[in-house]
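> Sharing a structure below in structure tokens format, with a few things to ask.
The values are calculated or read from the model by the stated rules, or taken from the named source; none is laboratory data. Bear in mind that the values here come from a model prediction, so they are computed numbers and not experimental data. Neighbour counts run over all protein chains shown; Cβ positions are idealised from the backbone, glycine included.
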């Protein structure tokens, strides 16, 4: 009797076990077996940038002194008080509710908290450029929150809830649904990677590499792996550029609409032949005050030993103003080590001026200077410590980058139809020894 009862209970429990097992298998298959988005991008991508472990980096940033200073920043708090971020906050909240999710930071990180990437692809067959945007979604978390047991069903549910009655139709490819918003936007949820592009062919190429578990992708090429491996551990933002393919006159002319021969001639005269380069930004333990640029190659390895670098040749010919200077680091060091600056720092007047930075209203009253700063929010302690420390750090980094080099800056001339604020400032660095 006891044995029959146990057998009946076992049969009754079997459906629950099967359902639990099916859910576990679905969640296990909700992620791709690759380490980075780069491993499902086609190998004809010429430029790639990504931020990995966004959630972990955010958590690290929140534990730093810089974050605390940022929270009390006069400019940030004034911007919040004036509603500078209200539109963004409303938009994110509205979209989260439309999807049936709570409008919280945790929800947003479910979508972008693992990896965010953007790439420029030049099709080897057609030569057509296209962009690819991709981010790794926490698919298992979203499947649990929305009670969905299949990644494909998750993509369909999100599309239907977001677009409502205007939801685009899906076209299957490789077992995944590809959606089109007109002719310019194509997207798909490839297990845990949301990918969008202005080219359907590029979305299909991503799916092909996902089905091949990354074989033949950008992330598996020796050139890419070699350059990215030269970046130090802890690099938060990484950018890879295939210089050999990107610095092609026909390609640049197609993308810019201008003949780039003069620029390329001067570029190759001053820079050594280089297949690719990777650059990035390193935030040690999330600390903004310790931010430093990093690169896979040094200036010595990139630059030729030119006796007199013609930096002006790298700048536009229609400039209204041009100036250059050499060895900014030495100049800055001389100023910082000068007796005059030491006396100034220790003077009561200097300390008084520094203290005034936290009270811009007092600066306006005492010196008659109209700063036009936004009002400070009520009930919130603010200061300018973050701005002062970041400015000092950025000046230090800039001096390091310009060490023993020549910096030239040109400003565009006003357009014929009237004066306009200069559209860009171009800076070139060369001649480093």
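> So residue 117 ticks every box in (1) touching a strand residue (DSSP E or B) at 6+ places or on another chain (Cβ under 9 Å); (2) exposed (fewer than 15 other Cβ atoms within 10 Å of the Cβ); (3) at pLDDT 90 or above but one. Which box is left unticked?
(2) is the only condition that residue 117 fails.
> Sticking with this structure for a sec: Quick one: in segment 364-382, which of the residues that are at pLDDT below 75 and surrounded by 13 or more Cβ atoms within 10 Å (Cβ to Cβ) is farthest from residue 81 (Cα to Cα)?
Of all residues in segment 364-382, those at pLDDT below 75 come to 364, 367-380.
Keeping just the survivors that are surrounded by 13 or more Cβ atoms within 10 Å (Cβ to Cβ) gives 364, 373-374, 376-377, 380.
Working: 364: 21, 373: 12, 374: 9, 376: 8, 377: 6, 380: 10 Å.
So the residue we want is 364.
> Just to be sure I understand, how many residues within segment 174-188 are in contact with a helix residue (DSSP H, G or I) (Cβ under 7 Å, 6 or more places away or on another chain) and in a loop (DSSP other than H, G, I, E, B)?
1
> So is residue 226 touching a helix residue (DSSP H, G or I) at 6+ places or on another chain (Cβ under 9 Å) and surrounded by 13 or more Cβ atoms within 10 Å (Cβ to Cβ) or not? Before you say what the answer is, go through the steps one by one.
Values: touching a helix residue (DSSP H, G or I) at 6+ places or on another chain (Cβ under 9 Å): no; surrounded by 13 or more Cβ atoms within 10 Å (Cβ to Cβ): yes.
No: the conditions fail for residue 226.
> May I pose another question? List the pairs whose first member sits in segment 76-97 and is more than 26 Å from residue 386 (Cβ to Cβ), whose second member is part of a helix (DSSP H, G or I), and whose Cβ atoms are under 7 Å apart, counting only residues at least 6 apart or on separate chains?
Hits for this filter: 96/107.
> Failed condition for residue 147, given (1) surrounded by fewer than 13 Cβ atoms within 10 Å (Cβ to Cβ); (2) closer than 30 Å to residue 378 by Cβ, with all others met?
(2) is the only condition that residue 147 fails.
> Check segment 189-205 and report whether any residue there is without any contact (Cβ under 8 Å) to a residue 24 or more places away in the chain, closer than 25 Å to residue 107 by Cα and either in contact with a strand residue (DSSP E or B) (Cβ under 8 Å, 6 or more places away or on another chain) or assigned to a loop (DSSP other than H, G, I, E, B) (or both). Before you say what the answer is, go through the steps one by one.
Taking segment 189-205 as the starting set, the residues that turn out to be without any contact (Cβ under 8 Å) to a residue 24 or more places away in the chain are 200.
Still in the list and also closer than 25 Å to residue 107 by Cα: none.
The answer is no, given that none of the residues of segment 189-205 is without any contact (Cβ under 8 Å) to a residue 24 or more places away in the chain, closer than 25 Å to residue 107 by Cα and either in contact with a strand residue (DSSP E or B) (Cβ under 8 Å, 6 or more places away or on another chain) or assigned to a loop (DSSP other than H, G, I, E, B) (or both).
> Still on this structure, please answer the following. In the list 60, 47, which residue meets the criterion of being out of contact with any strand residue (DSSP E or B) (no Cβ under 6 Å at 6 or more places or on another chain), modelled with pLDDT of 90 or more and surrounded by 15 or more Cβ atoms within 10 Å (Cβ to Cβ)?
60
> When segment 120-138 is examined, which residues are found to be more than 15 Å from the chain's Cα centre (by Cα) and either under 15 Å from residue 203 (Cα atoms) or modelled with pLDDT of 90 or more (or both)? Before you say what the answer is, go through the steps one by one.
To start, the set of residues in segment 120-138 that are more than 15 Å from the chain's Cα centre (by Cα) comprises 121-130, 137-138.
Within segment 120-138, 121, 122, 123, 128, 129, 130, 137, 138 meet the criteria.
> State all residues of segment 206-247 that are in contact with a strand residue (DSSP E or B) (Cβ under 8 Å, 6 or more places away or on another chain), assigned to a helix (DSSP H, G or I) and farther than 14 Å from residue 38 by Cα; if no residue qualifies, say none.
243, 245, 246, listed by residue number.
> Answer yes or no as to whether residue 233 is loosely packed, with under 15 Cβ neighbours inside 10 Å, closer than 26 Å to residue 43 by Cα, within 22 Å of the chain's Cα centre (by Cα) and at pLDDT 85 or above. Don't jump to the end; show me each part of the working.
On the way: loosely packed, with under 15 Cβ neighbours inside 10 Å: yes; closer than 26 Å to residue 43 by Cα: yes; within 22 Å of the chain's Cα centre (by Cα): yes; at pLDDT 85 or above: yes.
For residue 233, the condition - loosely packed, with under 15 Cβ neighbours inside 10 Å, closer than 26 Å to residue 43 by Cα, within 22 Å of the chain's Cα centre (by Cα) and at pLDDT 85 or above - is met.
> For segment 273-298, which positions are touching a strand residue (DSSP E or B) at 6+ places or on another chain (Cβ under 7 Å) and in a loop (DSSP other than H, G, I, E, B)?
Here is the first cut: in segment 273-298, the residues touching a strand residue (DSSP E or B) at 6+ places or on another chain (Cβ under 7 Å) are 276-283, 291-297.
Passing the criteria: 276, 283, 291, 296, 297.
> Read through the list (1) over 27 Å from the mean Cα position of the chain (by Cα); (2) crowded, with 21+ Cβ neighbours inside 10 Å, then give the number of the only condition that residue 170 fails.
Tallying (1) over 27 Å from the mean Cα position of the chain (by Cα); (2) crowded, with 21+ Cβ neighbours inside 10 Å, residue 170 fails exactly one: (2).
> Here is a further query. Say whether the condition of being modelled with pLDDT under 75 and surrounded by 13 or more Cβ atoms within 10 Å (Cβ to Cβ) is met by at least one residue in segment 415-425. Before the answer, list the steps.
Our first condition is that a residue be modelled with pLDDT under 75; within segment 415-425, this holds for 415-425.
From what is left, the residues that are surrounded by 13 or more Cβ atoms within 10 Å (Cβ to Cβ) are 422.
The answer is yes; a qualifying residue exists.
> For segment 288-316, enumerate the residues that are farther than 22 Å from residue 47 by Cα, modelled with pLDDT of 90 or more and crowded, with 17+ Cβ neighbours inside 10 Å.
288, 291
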